[in-house]
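The next block holds one structure in the form of structure tokens; read it before the comments.
Rule-based calculations on the coordinates, nothing more; no lab input. Keep in mind it's a predicted model, so treat the numbers as computed, not measured. Note that we place each Cβ from the backbone using ideal geometry, even for glycine, and neighbour counts take in every protein chain shown.
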Amino acid sequence: MLRLKFIRIENPIRKKKGFTLVEMVIYLAVVSFVLLVVSGFFYNILLGWSKFNSRSEISYNVNFIEKNLGFYIREAQAIQNLSPETLVLLLPMAQTITFHFDTTQQKLTRQQNSDPAVDLNTDKVAVRGSFSNLSHYPRSRNILVNLEITLKNPGQGPRWQDKVTTELSFELRSR
């Protein structure tokens, strides 16, 4: 008996090259999902970084104002003038220190004697507040400072808004 052997000859035209349509759709779906997850991750990192910066800016301003007010109020010999917007303190050697809440420019300034006024807050925040007298007894000399520090938000984006409200109480120690 005669056996015939078939030899398969490959056609170079029929050879597979590239991807099928199904493989491309699966590839695009996987890549777009990975990009979506990575972009969300980076967005959250940027959002957290901006919130950290805004809180740091407000914290810096609160601490600086508190230390500055505290130092001069504790060293003062007397309260020369006290209104909700202005506090004038008499220091040793006939020096005066004036603290003023500027409501139009939303800042707190300090002026020593007739020197020019110095801003106590940075340009990135708006400061509002008031001074009041807590001295209920003749010998006590206490001052209450209501302070509201708001991060300036030029774009009015709700995610970038941040504000701190605090009350500080100081006593004149110099007698």
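Each of Ile26, Ile143 was scored by other Cβ atoms within 10 Å of its Cβ. Arranged with the fewest first, they read Ile26, Ile143. Excluding same-chain neighbours fewer than eight residues apart, the aspartates and glutamates reachable from Lys124 by a Cα-Cα span under 13 Å are Glu57, Asp162. With neighbour counts taken as other beta-carbon atoms within 10 Å, the residues Lys124, Lys107, Lys67 rank, fewest first, as Lys67, Lys124, Lys107. Within the shell of other residues whose beta carbon sits under 9 angstrom from the beta carbon of Ala117, the net charge comes to -2, with Lys and Arg scored +1 and Asp and Glu -1.
Only alpha carbons enter this Debye calculation for segment 21-171, each as an equal point scatterer, and the log10 of I(q)/I(0) it gives at q = 0.08, 0.11, 0.15, 0.20 Å⁻¹ is -0.37, -0.54, -0.82, -1.18.
How much net charge surrounds Ser59 when only other residues with a Cβ under 15 Å from its Cβ are counted (Lys, Arg +1; Asp, Glu -1)? So the environment of Ser59 carries a net charge of +1.
I need the peptides 129-136, 33-40 ranked by packing, meaning the mean over residues of other C-beta atoms within 10 angstrom, with the highest value on top.
Peptide ranking by packing, descending: 129-136, 33-40.
Just add up the charged neighbours of Gly129: K/R +1, D/E -1, any other residue whose Cβ is under 11 Å from the Cβ of Gly129.
Local net charge: -2.
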